[in-house]
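Take a look at the structure set out below.
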Amino acid sequence: MRKKDYFVIGVMSGTSLDGIDLAYLHFSAENNYNFKILEAQTIDYSEEWRELLNSGISLNQEELKDLDKKYTRYLANVILQFIADYKIDNLDAVCSHGHTIKHEPQNGYTLQIGNLPEIADYLQSNVVCDFRVQDVALGGQGAPLVPIGDQLLFSEYQYCLNLGGFANISEERNKKMLAYDICAVNTVLNYFTKKLGKAYDDKGQIASGGRLHKKLLQQLSNLNYYAKKPPKSLGIEWVKAEVLPLIDSEEIPIPDILHTYTVHVAQQLAKVLDNNVGSKILVTGGGAFNDFLIQQFREYSNCEFIIPDSKIIDFKEALIFGLLGVLKLEGKVNVLSSVTGAKKDHSSGKVFAFEAI
């Protein structure tokens, strides 16, 4: 018989290095995967781990293997502490994204660390993880993976917009899900805010006090990525190779950079929206707390931007990776070829079963 209820932990670590999001979830598989976020927490990375993960892109294969082992152990310990803190004793699986170190789908390669088989033994639990690799092997971008969750869990919205390290959007068009990365967001904003000694620009206050730099805005708009048609996705490699050198080539005060880049994000979003009054957009991810960014969205678009409760904002990706794990356990499609460009829809991820001795 098909299982009616699943209790899982969804785990997500994003490229903005904000921390590890953990959500203890209940899915009712009987009725369109209704969900409830039972408990949720974000564990901040230490400065040491931020530096290690940030430098991962430049490591050689042996160093990457060593980092993968260390991070898998570290991630397991974080999850175990979450389980202990919330006294979780009913658990079907841990569904973990891991942390992206390299994402080069054009070269048939993507790497998320923290997905080694021994994580199941560390956790003494079934683990579903490593969701991107199979899609890249099938010729896809390996991203975005969230749209299947948008389709199943948030179908009342015309668009679902996530504002994390990157802005990605999904929509259903002609009975097919479309989704792609629009541009970088917090990977750029946080990079420059840190130069001022702050982890992030709280509510966009620094950016709102800056001035628009029209030349930089035009240069950013001319980046080649924006002319590409979906499916398409972005990685930190693109930010470091294309965006940061462009901004650093001009001597501009940081508040002006933050202001200009925020306007740039709003303009790039407006280009992909239908701009109809009343079109509802669900906004999640850390950027949903950036008041100046949301204000700019409303400046450049007639759409209605819906900011949900903080649990959905903060933990939507962890929630959906929990769903991806449940779909994998059920042998159902959890990655859509219309979104990633893969040869076919498929059920992606690795399942590491834990068997108690």
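The values are calculated or read from the model by the stated rules, or taken from the named source; none is laboratory data. Keep in mind it's a predicted model, so treat the numbers as computed, not measured. Neighbour counts are summed over all protein chains in view; Cβ atoms, including those assigned to glycine, are modelled from backbone coordinates with ideal geometry. Note: accessible area is taken over every heavy atom of the protein model, side chains too, but ligands, DNA and RNA are not part of it. Shrake-Rupley method; radii C 1.70, N 1.55, O 1.52, S 1.80 Å.
Return yes or no: is Gln106 in a helix (DSSP H, G or I) and modelled with pLDDT of 95 or more? Criteria not met by Gln106. Of the listed requirements (1) of a type outside the set (A, V, I, L, M); (2) under 30 Å from Tyr122 (Cα atoms); (3) in contact with a helix residue (DSSP H, G or I) (Cβ under 9 Å, 6 or more places away or on another chain), Thr340 misses just one: (2). A search for C-beta distances below 6 Å between a residue of segment 195-217 that is aliphatic (A, V, I, L, M) and any residue that is surrounded by fewer than 16 Cβ atoms within 10 Å (Cβ to Cβ) and outside any helix (DSSP H, G or I), counting only pairs 6+ apart in sequence or on different chains, returns Leu216/Glu250. A residue that is β-branched (Val, Ile, Thr), touching a strand residue (DSSP E or B) at 6+ places or on another chain (Cβ under 7 Å) and farther than 27 Å from Gly341 by Cα occurs nowhere in segment 104-115.
For segment 154-185, the tally of residues that are open to solvent by 10 Å² or more (accessible area, probe 1.4 Å), more than 15 Å from Pro144 (Cα to Cα) and not polar (S, T, N, Q) stands at 5. When the residues of segment 128-187 are filtered to those that are of a type in the set (Ser, Thr, Tyr) and not in a loop (DSSP other than H, G, I, E, B), the one that is modelled with the lowest pLDDT is Tyr180.
Okay, residues lined up against (1) open to solvent by less than 10 Å² (accessible area, probe 1.4 Å); (2) in contact with a Pro (Cβ under 7 Å, 6 or more places away or on another chain); (3) part of a helix (DSSP H, G or I); (4) of a type outside the set (Ser, Thr, Tyr):
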residue: Tyr191; (1), (2), (3), (4): no, no, yes, no
residue: Tyr200; (1), (2), (3), (4): no, no, no, no
residue: Leu212; (1), (2), (3), (4): no, no, no, yes
residue: Leu234; (1), (2), (3), (4): no, no, no, yes
residue: Leu258; (1), (2), (3), (4): yes, no, yes, yes
residue: Val263; (1), (2), (3), (4): yes, no, yes, yes
residue: Ala270; (1), (2), (3), (4): no, no, yes, yes
residue: Asn275; (1), (2), (3), (4): no, no, no, yes
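The residue that is nearest to Trp238 (Cα to Cα), among those in segment 93-108 that are surrounded by fewer than 19 Cβ atoms within 10 Å (Cβ to Cβ) and more than 18 Å from the chain's Cα centre (by Cα), is Gln106. Beta carbons closer than 7 Å, at least 6 apart along the sequence or on distinct chains, pair a first residue in segment 70-98 that is hydroxyl-bearing (Ser, Thr, Tyr) with a second that is open to solvent by 50 Å² or more (accessible area, probe 1.4 Å) for Thr72/Glu118; Tyr86/Glu39. Considering segment 13-31, the residues that are open to solvent by 10 Å² or more (accessible area, probe 1.4 Å) and part of a strand (DSSP E or B) include one that is nearest to Asn168 (Cα to Cα), namely Asp21.
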